[in-house]
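Accompanying notes for the structure given below.
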Amino acid sequence: MDFVDVKQRATDAIKSAQTSVELENIRVAFLGRKGEITVAFKQMAELEPEQKKEFAKNLNILKNDVTSELDAKQEILLEKEKNEKILSEKIDHTMPGRRWSRGTLHPLTIVQQEIADVFHSIGFEVRQGQHIEDDFHNFEALNFPPFHPARAMQDTFYVDGGKLLRTHTSPTQVRTMESKQPPIRMIAMGTCFRTDATDASHMPVFHQLEGLMIDKHITFSDLAGILSLLLSEVFGHGTKVKFLPSYFPFVEPGAETLASCPFCGGEGCRTCQQSGWIEMGGSGMVHPNVLRNVGYDPEVYQGFAFGWGIERIAMLKFGISDIRDFYTGDTRFLAQFGGVR
């Protein structure tokens, strides 16, 4: 092998390269898997032992020299190509600018933050919980035994392994009670799932607020006072709360919670169907069976719980008539809440 000739040809080729692509082709021609210098290393096996040492020495010198020249030229070409790209991408200052839209919090997020602020101010913690639950935490621990007819009200999305998408945020309350001893003051907010048909007031995916307070000597009046505070902060001072007896498996006694209509102040209008009251959701004193299921003694501890739909609160607060508006992503709808201009 004529080392001087190969070195000269490689040097000339490298000097003449105008782009990094051309330089890469030169590298492959000399140092690639089938390159001239690489092949020479494989040919050493055919040499006599006394020739190999000198051949290998000269070949390694050649390889190192060519590699150094390639690296130096590559640095030059990359810098040149970068500068050419910068020059080709000059900003045309004569072009009109594009106005950037300003985003905003989603109305459901606004409501959730307001609710969290209210409960933080009175010493409650806020928990999210998990979306995939087991039957015990979603139903049985809450006094929904298998085949209980109340389960039919919560047609459920089941997944592999006997799991299901939670139908309410109540499992977060159960897991909280399992993990700590009273006193407990908490709310759970998050996404829930039921196989409801989609219409103006129902979606298969929705958000729920649930509150729980467990301690000694908790009474229904504590529940009434806290819900009155919540309604006043969300809908305005002077909003009243009313309870109508109702059945829920996890509370006893149970009640439907009603708020005085925020649109007519309780005078009667189309929204409240002239009653002056709007239904918010269920509430009541935690059922003794639920307390036993988490290891609490119902003779020592009592508590209240309530559960409301966050979409319903937002619809009343902002005067929205169709729950589907929250999920369309229509910027005209979202622009009402301070952004997307």
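No lab work stands behind these numbers, since they all come straight from the coordinates. Owing to the predicted nature of the structure, the values given are computational and were not obtained by experimental measurement. Every residue, glycine as well, gets a Cβ built from its backbone with ideal geometry; the counts of neighbours run over all protein chains shown.
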Computed log₁₀ I(q)/I(0) - Debye formula, equal Cα scatterers, no solvent, the stretch 186-305, q 0.20, 0.22 Å⁻¹: -1.21, -1.30
Coarse-grained scattering of the stretch 245-341 at q = 0.10, 0.16, 0.18, 0.23 Å⁻¹, given as base-10 log I(q)/I(0) from a Debye sum over alpha-carbon atoms: -0.44, -0.81, -0.89, -1.10
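Please arrange Trp308, Trp100, Trp277 by how many other C-beta atoms lie within 10 Å of their C-beta, fewest to most.
So the ranking, lowest neighbour count to highest, is Trp100, Trp277, Trp308.
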Anchor Lys42: lysines whose Cα lies under 24 Å away (excluding residues fewer than 8 positions away in-chain): Lys7, Lys34, Lys52, Lys53, Lys57, Lys63
Pairwise Cα inverse-distance average, inverted: Kirkwood Rh of the stretch 3-88 (Å): 14.1
FRET efficiency for Phe147 and Gln181, using Cβ-Cβ distance with R0 set to 35 Å, rounded to 0.05: 0.60
Neighbour-count ranking [beta-carbon atoms within 10 angstrom, fewest first] of Glu46, Glu233: Glu46, Glu233
Computed lengthening from Leu78 to Leu105, 0.36 nm per intervening residue step minus Cα-Cα distance: 5.2 nm
Net charge dipole size for the stretch 3-88 [Lys, Arg +1 and Asp, Glu -1 on Cβ; Debye, nearest 20]: 160
Label point distance in nm, Glu89-His237, each placed 7 Å from Cα along Cα→Cβ: 5.7
Isolated Cys in the chain, by beta carbon distance under 4.7 Å: Cys192
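Does the stretch 40-172 come out rounded, prolate or oblate, given a ≥ b ≥ c as the square roots of the eigenvalues of its C-alpha gyration tensor, rounded meaning a/c under 1.5 and, failing that, prolate meaning a/b above b/c? Working shown, then result.
Numbers: a/c = 4.69, a/b = 2.00, b/c = 2.35.
Taking the square roots of the gyration eigenvalues as a ≥ b ≥ c, the stretch 40-172 is oblate.
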Cα-based reach from Lys317 at 25 Å (exclusive), listing lysines while leaving out same-chain residues under 8 positions away: Lys240, Lys242
Sites Gln273 and Ser121, calculated FRET efficiency, Cβ-Cβ separation with R0 35 Å, nearest 0.05: 0.55
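Which loop GluC sites (Glu not before Pro) in the stretch 127-206, with loop taken from DSSP, have no more than 16 other Cβ atoms within 10 angstrom of their Cβ?
Here no GluC sites (Glu not before Pro) fit, given the DSSP loop and packing criteria.
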FRET efficiency, Thr328 to Asp12 (Cβ-Cβ, R0 56 Å, nearest 0.05): 0.25
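Note down the magnitude of the dipole of the chain about its Cα centre, charges +1 on Lys and Arg C-beta and -1 on Asp and Glu C-beta and zero elsewhere, to the nearest 20 debye. Could the numbers behind the result be given before it?
Numbers: 37 positive and 45 negative charges, 123 e Å.
Dipole about the Cα centre, nearest 20: 580 debye.
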Stretchable slack from Val300 to Arg98, in nm (0.36 nm times residue separation minus alpha-carbon distance): 66.2 nm
Listed residue (Pro298, Ala335, Ala314) projecting farthest to the positive dipole end of the stretch 289-341, Cβ model: Ala335
Linear extension gain, Glu114 paired with Phe157, 0.36 nm per residue minus alpha-carbon span: 12.5 nm
Between the stretch 36-113 and the stretch 198-236, the alpha-carbon center distance in angstrom: 61
Spacing of the two label points (7 Å from each Cα toward its C-beta) at Asp215 and Ala45, in nm: 8.5
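Treat the count of other C-beta atoms within 10 Å as a stand-in for reagent exposure and order Cys269, Cys192 from fewest to most.
Details: Cys269 14, Cys192 23.
If I rank by nearby Cβ atoms, fewest first, I get Cys269, Cys192.
When the Kirkwood radius is taken over all Cα pairs of the chain, what Stokes-Einstein diffusion coefficient follows at 4 °C and 1.567 mPa s, in µm²/s?
Using the Kirkwood radius from Cα pairs, D works out to 49 µm²/s.
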Percentage relative contact order, the stretch 107-325, counting C-alpha pairs under 8 Å, at least six apart: 21
